[in-house]
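Q: For reference, the structure I am asking about is given below.
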Amino acid sequence: MKFIHITDFHLVAPGTPLWGLNPHDRVDRCLSDIERWHGDADFCVISGDLSDKGDPAAYRWLSERLDRFALKTFVIPGNHDDREALCAAFPAIARDANGFVQYVHATPVGRFLFLDTLKGPVSEGEYCAARREWLAGQLAAAAREPAWIFMHHPPFDIAIPYMDRIKLEEPEEFAGILASHSDIRHIFFGHVHRAAFIHWRGIPCTCLPGTNHQVPLARESVGTPYSHEPPMYGVVLIEDDKTIVHFEACLDREPADMGEGQ
Ligand SMILES: [Fe+2]
């Protein structure tokens, strides 16, 4: 099983820059790179913040771009998204009985669970009782099958104060649901705009830079809340005895100068 994880596009109205960069051009180039070098992947997941401010034009642009993308792609909302605007542009997207953008993809290596942690026009994440009930039901149905979780907000601190203030609320309630299942194999999340690995309560977790701007690990290193650092997408390989996550900085990849330093 091979899939692609990519996150935090922060698309605005086409033609509009964001923090000095062109988010559409960067997404377009990342998706083309995925098709060129990883077109054999089973699917792709975009883990939230598809848009920067919930602009319907941003979702329309993405929907049309994904229509031309070779991989089946799953999307979930992040805190910068507008659930209804997102769903209007992706009318076929699955929603749970309460209207949250939550759904399951069953595969031979286990069940992939896509969660909706959007709270509203605020930055922190929410996983309310109704959503927890849905997750508990899905994990019960999975029984002994491995479960792979995708969500926008991390349910833990990540040692970046700016991000830790806007993580998932009520993390203990969320952890309690996961504890009901014997084989949560991995959590993939977005939101923090950095590449990081976390081992949380026995569960491996990874996150990625966004495709546009990033969050500096030390804000004083750049003096601004956001930074320009290489975007990356994750190439995830699930094998019998291991899970591999490669981080591909495709927009900053250049051939080495083989004539220097030998
Ligand atoms: Fe984001």
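Since every read-out is calculated from the coordinates, none of them should be taken as a lab result. Predicted, not measured: the structure shown is a model, and the values here were computed from it. Here the Cβ is made from the backbone with ideal geometry for all residues, glycine too, and neighbour counts use every protein chain on show.
Q: Counting other C-beta atoms within 10 Å, which of Asp257, Asp157, Asp8 has the fewest, and how do the rest follow?
A: Asp257, Asp157, Asp8
Q: How many percent of the alpha carbon pairs in segment 109-262 exceed a separation of 25 Å?
A: On the way: 4406 of 11781 pairs.
The calculated P(r) of segment 109-262 puts 37 percent of pairs beyond 25 Å.
Q: For Pro121, what charge total do you get from the other residues with a beta carbon under 13 Å from its beta carbon, if Lys and Arg give +1 and Asp and Glu give -1?
A: Numbers: positive: Lys53, Arg83, Lys119; negative: Asp52, Asp81, Asp82, Glu84, Glu124, Glu126.
Surrounding charge for Pro121 is -3.
Q: Now for a different question. Points 7 angstrom from Cα along the Cβ direction at Glu126 and Glu254: gap in nanometres?
A: 4.6 nm
Q: Using the 10 angstrom Cβ neighbour count as an exposure proxy, how do Asp28, Asp67, Asp164 rank, fewest first?
A: Asp67, Asp164, Asp28
Q: Using Cα positions and a limit of under 14 Å, work out the aspartates and glutamates in reach of Lys72, with same-chain residues fewer than 8 apart set aside.
A: The reachable aspartates and glutamates, counting only those whose Cα sits under 14 Å from Lys72, are Glu35, Asp40, Asp42, Glu64.
Q: Answer with one residue from Val122, Val192, Ala218: the one whose Cα lies farthest towards the positive end of the charge dipole of segment 117-262, charges on Cβ with Lys, Arg +1 and Asp, Glu -1.
A: With unit charges placed on the Cβ atoms, the residue in question is Val122.
Q: Compute, for segment 2-252, the length of the dipole vector about the Cα centre, with Cβ point charges of +1 (Lys, Arg) and -1 (Asp, Glu) only. Units Debye, rounded to 20.
A: Computed about the Cα centre, the dipole is about 160 debye.
Q: While we're on this one: Note the full-extension length gain between Glu35 and Glu170 as 0.36 nm times their separation in residues minus their Cα-Cα distance, in nm to one decimal.
A: Additional length available on full extension: 44.8 nm.
Q: Under Stokes-Einstein, with the Kirkwood radius over Cα pairs standing in for Rh, what whole-number D in µm²/s applies to segment 66-181 at 10 °C and 1.306 mPa s?
A: 105 µm²/s
Q: Once you have a ≥ b ≥ c as the square roots of the Cα gyration tensor eigenvalues for segment 219-260, tell me rounded if a/c is under 1.5, and otherwise prolate or oblate according to whether a/b is larger than b/c.
A: oblate
Q: Another question, then. For Phe74, what residues show an amide H to amide H distance below 5 Å, using hydrogens built from the backbone and excluding near sequence neighbours?
A: HN-HN under 5 Å from Phe74: Cys44, Val45, Ile46.
Q: Also: Where the centroid of each part is defined by its Cα atoms, how far is segment 1-34 from segment 36-94 in Å?
A: Computed from Cα coordinates, the inter-centre distance equals 10 Å.
Q: Between the helical axis of 129-142 and the dominant principal axis of the chain, each derived from Cα atoms, what acute angle in degrees is found, rounded to the nearest 10?
A: 80 degrees
Q: Also, I was wondering about something else. So, in nm, how far is label Ser180 from label Leu217 when the simple model puts each one 7 Å beyond its Cα toward the Cβ?
A: 3.8 nm
Q: On a C-alpha basis, how far is the centre of segment 96-132 from the centre of segment 170-208 in Å? Whole number, if you could?
A: Each part's Cα centre sits 14 Å from the other's.
Q: Counting other beta carbons within 10 Å of each Cβ, put Val215, Val122, Val45 in order, fewest first.
A: Going from sparsest to densest Cβ surroundings: Val122, Val215, Val45.
Q: With 5 Å bins from zero, work out the P(r) of the chain over every alpha carbon pair and list the percent per bin.
A: Taking all Cα pairs of the chain, the binned fractions are 1, 6, 13, 18, 20, 18, 13, 7, 3, 1, 1, 0, 0 percent.
Q: Grab the other residues whose beta carbon is less than 15 angstrom from that of Ala218, score K and R as +1, D and E as -1, and report the net.
A: Numbers: positive: Arg194, Arg219; negative: Asp164, Glu220, Glu229.
Value of the local net charge: -1.
Q: Something else about it: Hey, rough spin-label estimate for Thr16 and Phe247, points 7 angstrom out along Cα→Cβ, what's it come to in nanometres?
A: The two pseudo-label positions are separated by 3.0 nm.
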